[in-house]
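The values are calculated or read from the model by the stated rules, or taken from the named source; none is laboratory data. Note that the coordinates shown come from a computational prediction; the quantities given were computed from them, not determined experimentally. In this analysis, Cβ positions are derived from the backbone assuming ideal geometry, glycine residues included, and neighbour counts consider all displayed protein chains.
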Amino acid sequence: MTQHVDCLVLGGGPAGSTAAALVAEGGYRTLLVERDRMPRFHIGESLMPETYWTFKRLGILDRMKASNFVKKLSVQFVSHSGRESQPFFFDEHDPRECSQTWQVLRSDFDQMLLDTAAEKGAECREGTRVVDVLFDGDRAVGAKIQTDNGPLEEITADVVVDASGQSALVARKLGLLLPNPELRKASIWGYYEGAKRDPGKNGGATVIMQSSNRKAWFWYIPLADDITSIGVVADNDYLLRDRGTPEQVFEEELTHCPAVLERMVTARLASKFRVAREFSYNTSQSAGDGWVMIGDSWGFIDPLYSSGVYFGLKSGEMAADAIIEGLNVGDTSARQLGRWLDDFTGGVKWISKLVDAYYTDGFSFGQFMKAHPEHRGNLTDLLIGRIFHKEAGAIFADMDPWLARASAVSDV
């Protein structure tokens, strides 16, 4: 069985659904295949405010506003000593509606995006496994797929979009995956009922809390229906090697973070614990003749600043524009399909640098901001996700010397 489409999208997460929706809306025959049946569980509930613009383009802002997703108006940080930063209220920096975002239940959120792709004309097949990505020399030409236990099908396509997440189908097939040796992190997390929330507009905040021994940090993300996502992140070997069950490790790490414990006094575990290992990586090549990677297939930095879904949405949108332009003129070369990557990676690097700063021993954001209060707006911009403009990294002109000094002291 053989079918030809203009664009074949492998994966129905935020990146894949966004790309499929926009390419189909552009008038091209688009097939999206998703391994699982929706709705399905996925981690990554906290959004950056700059997702607003992709939602607007997709036409789903009203659906987001009408949902029961918790409104996220701020982020807050707690140091290893228990000192709480002032909340970074996005609207104090920018009072526009786009400074509000949401804490989402990914099963519902991803279903919304997949439905949007279908509404815009993409054929969406769930429960469909990609058996192999097909190449003719260096050019991607399609994939072999299988829906449930049905027959194998061969889909040929002018463009193959790898949005398969951490499966990274094309990167693994071509040997392009590059694990980040500096960020060999792991996480353990669960979902709790009845956990404490701040009153008022900080009640929907993502709170990042560092452990007293500085070996780990916790995320605290309030979701709908009184559920809170609580997870711990640390070096992979420290967190998972020779330390018992995930529940035992999680409970032990809680003892090092009083700020989390105080918020969990009335909390009850409402799920099993889940584990993710060594999730930070990049790819040595992100586009080729007939193919392009987006979302987590392109790479993943770290969960620290909740950038994953935003990068998925933005890369799906930017890649879709390049695909449409290429199909319009009959050019599906690596250069055309990847023409957005320099701009994208140029913005992403600022979040990557912010992650590196957090993990630099001896560096204190609090002390730096006290010395350089003029950068609070720039830092808030980074937390919002405003990274695709020439002044986005202005803070690092002053921060880099601080980081260099901290690194020099820690190396002694």
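Checking the stated criteria, Arg57 turns out to be in contact with a helix residue (DSSP H, G or I) (Cβ under 8 Å, 6 or more places away or on another chain), under 24 Å from Gly326 (Cα atoms), surrounded by fewer than 20 Cβ atoms within 10 Å (Cβ to Cβ) and not polar (S, T, N, Q). Checked against the criterion of being more than 28 Å from Ala15 (Cα to Cα), touching a Lys or Arg at 6+ places or on another chain (Cβ under 8 Å) and touching a residue at least 12 places away in the same chain (Cβ under 8 Å), the candidates Gly366, Gly377 yield just one match: Gly366.
Do any residues in the stretch 51-78 that are over 30 Å from Val260 (Cα atoms) have Cβ atoms under 8 Å from those of residues that are among the β-branched types (Val, Ile, Thr), where the two are at least six apart or on different chains, and which pairs are they? Within 8 Å, the pairs are Thr54/Thr18; Leu58/Thr18; Leu58/Thr116; Gly59/Thr116; Ile60/Thr116.
Restricted to the stretch 137-251, the set of strands (runs of 3 or more DSSP E) holding at least 1 residues that are at pLDDT 95 or above comprises 139-147, 152-162, 185-193, 206-210, 216-222, 227-235.
Residues of the stretch 62-77 being assigned to a helix (DSSP H, G or I) and within 24 Å of Leu382 (Cα to Cα), which ones?
Within the stretch 62-77, the first condition is being assigned to a helix (DSSP H, G or I), and the residues that meet it are 62-66.
Passing the criteria: Met64, Lys65.
Against the condition at positive phi, over 21 Å from the mean Cα position of the chain (by Cα) and not aromatic (Phe, Trp, Tyr), how does Gly82 come out, does it pass? Yes.
The residue of the stretch 1-50 that is farthest from Gly290 (Cα to Cα), among those that are hydroxyl-bearing (Ser, Thr, Tyr) and either crowded, with 24+ Cβ neighbours inside 10 Å or at pLDDT below 95 (or both), is Ser46. In summary, Val265 fulfils each of the numbered conditions (1) of a type in the set (A, V, I, L, M, F, W, C); (2) modelled with pLDDT of 95 or more; (3) surrounded by 21 or more Cβ atoms within 10 Å (Cβ to Cβ) with the single exception of condition (3).
Restricting attention to the stretch 136-168 and to residues that are of a type in the set (Gly, Ala, Ser) and exposed (fewer than 15 other Cβ atoms within 10 Å of the Cβ), the residue that is farthest from Val292 (Cα to Cα) turns out to be Gly150.
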